[in-house]
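The block underneath contains the structure these notes are about, expressed in structure tokens.
Bear in mind that the values in this text are calculations on the coordinates, not laboratory data. Owing to the predicted nature of the structure, the values given are computational and were not obtained by experimental measurement. For neighbour counting, all protein chains shown are included, and Cβ atoms are generated from backbone atoms with ideal geometry for every residue, glycine included.
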Amino acid sequence: MAEARRPSTHVLAWSALVGNALVILQGAFVRASGSGAGCGGHWPTCNGEVVPLNANVHTLIEFTHRLLALTVLALGVWLLVRGIRMRKERSGFSVFSYAAFYFLIMEALLGAVTVLFGLTGDNQSLARGVLVAVHLVNSLLLIGTLTGMVVFSRKNPPAWPLGITRQGALATVLGLGMVGMLVLIFTGGIAAMGNTMFPSTSLQQGFAADFNPASHTLIRLRILHPLIGITVGTYLFVGLGLSWWLKPTATARRTAQALLVVYVAQLAVGTANLAFLAPMALQLLHLSMAVVAFSLLTTLSLDMLGGTRAVRADTAGQPSVLEKA
């Protein structure tokens with residue numbers, strides 16, 4: 001009976017993915033609400049206490065963020081144990097469980113560095129902006145590895161190993177798309193810090209500050225984010241078409257369509273975010289779409305690299321034999 005009540009590995013993987021996505025969004029809320037210094041310069045305690053008893057709003061926001069992060073870390077340990085036990089029958093899942101646990105530890109360490117070095121609150125240094133950007137990149141890599149766990153815990157997972165060396169062109173096209181998204185999220189972190197620490201009073205004033213040599217570096221760098229966003233979006237349209245030409249994979253078609261829809265919506269929200277001077281709600285929506293887009297691209301990449309070619313009709317109108325990658 002106890003064995004029957006154990007949650008399935010697939011459910012646990014999904015729980016970890018959703019939970020960590022919420023942690024990422026909650027972290028952005030902590031930054032945007034100015035609650036990063038809510039626990040003072042203490043870590044892992046909060047203002048020197050395990051549980052802050054006389055907490056203000058900022059302390060509650062930061063402390064709640066730490067609690068949720070601790071919860072998903074515990075879930076990551078649980079999945080790591082399952083990954084170790086399943087290393088023979090589900091080696092793909094096992095590999096991604098190791099990687100996810102590594103990025104979870106890095107998340108905790110980056111959070112500790114942020115607090116212990118005083119890169120919170122009113123700190124306007126370039127170092128703070130870079131650390132926020134690095135933290136976002138690590139968060140996205142964590143989302144990618146957790147997505148891999150979800151994919152390889154399905155009933156019909158892709159083949160493992162993926163055979164990347166035999167699919168160099170396809171792996172390169174998909175890999176460049178993932179690198180592009182990581183660069184995009186890095187510049188997004190820089191832009192978010194610029195908007196948070198140096199809010200503009202109008203769109204015109206914001207653009208003027210972007211090109212003013214006297215402006216803070218975080219302000220002058222934020223113009224890179226929309227430019228790179230358009231570049232990456234263009235590449236995804238071209239790259240996904242090229243990927244399908246290299247290896248049409250039936251199981252990846254809907255994922256590719258969903259990815260393009262989400263990315264177009266993300267560009268639209270990003271434009272609105274710029275036009276309305278980055279209100280918190282749009283910032284969070286924009287970031288959530290980035291998380292979903294990277295998860296979809298990871299799923300697409302694994303399904304295409306580890307999947308089989310779609311059945312194609314020959315010139316006589318009859319389907320050809322399904323060929324493996």
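Miscellaneous remarks
- Sequence of 220, 6, 31 once ranked by neighbouring C-beta atoms within 10 Å, starting from the fewest: 6, 220, 31
- Put in order of Cβ neighbour count within 10 Å, fewest first, the listed residues 18, 291, 183, 150 become 18, 183, 291, 150.
- Fewest-first sequence of 12, 287 by Cβ atoms within 10 Å of each Cβ: 12, 287
- Most mobile listed residue (268, 133, 32) in the chain, GNM with C-alpha springs under 10 Å: 268
- Helix 9-32 vs. the chain, principal-axis angle (Cα, 0 to 90°, nearest 10): 30
- Computed [θ] at 222 nm, deg cm²/dmol, the chain (DSSP H ≥ 4; -39,500 (n - 2.57); rounded to nearest 500): -24000 deg cm²/dmol
- The residue 134 and residue 310 beta-carbon pair, evaluated with R₀ = 45 Å, returns a calculated FRET efficiency of approximately 0.70.
- Under the Karplus curve 6.51 cos²θ - 1.76 cosθ + 1.60, θ = phi - 60°, whole-Hz ³J(HN,Hα) for region 109-116, x wherever Gly or Pro sits: 5, 5, x, 5, 4, 4, 6, 5
- Extended-chain gain in nm, criterion 0.36 nm per residue less alpha-carbon gap, residue 124 and residue 43: 27.1 nm
- Using a Gaussian network model of the chain in which every pair of alpha carbons under 10 angstrom is joined by a spring, one finds that among 177, 121, 129 the greatest mean-square fluctuation is at 121.
- Charge sum, other residues only, whose C-beta stays under 12 Å from residue 12's C-beta, Lys/Arg counted +1 and Asp/Glu -1: +2
- Rg/Rh for region 18-86, where both radii come from Cα atoms and Rh is the Kirkwood radius: 1.08
- Sparse packing (at most 15 other Cβ atoms within 10 Å of the Cβ) combined with a DSSP loop state is found for the following trypsin sites (Lys or Arg not before Pro) in region 139-211: 154, 155.
- Residues residue 67 and residue 261, FRET efficiency given R0 of 35 Å [Cβ-Cβ distance, rounded to 0.05]: 0.55
- Subtracting the Cα-Cα distance of residue 60 and residue 201 from their residue separation scaled by 0.36 nm leaves 47.8 nm.
- Residue 275-residue 74 FRET efficiency (beta carbon distance; Förster radius 35 Å; 0.05 resolution): 0.30
- Note on residue 89 and residue 102: their simple-model spin labels are 2.7 nm apart, each label 7 Å out from Cα toward Cβ.
- Working note: Cα atoms of the chain, range along each principal axis, descending, whole Å: 69, 56, 28.
- In the chain, the longest principal axis of the Cα atoms and the axis of helix 57-85 are about 30 degrees apart.
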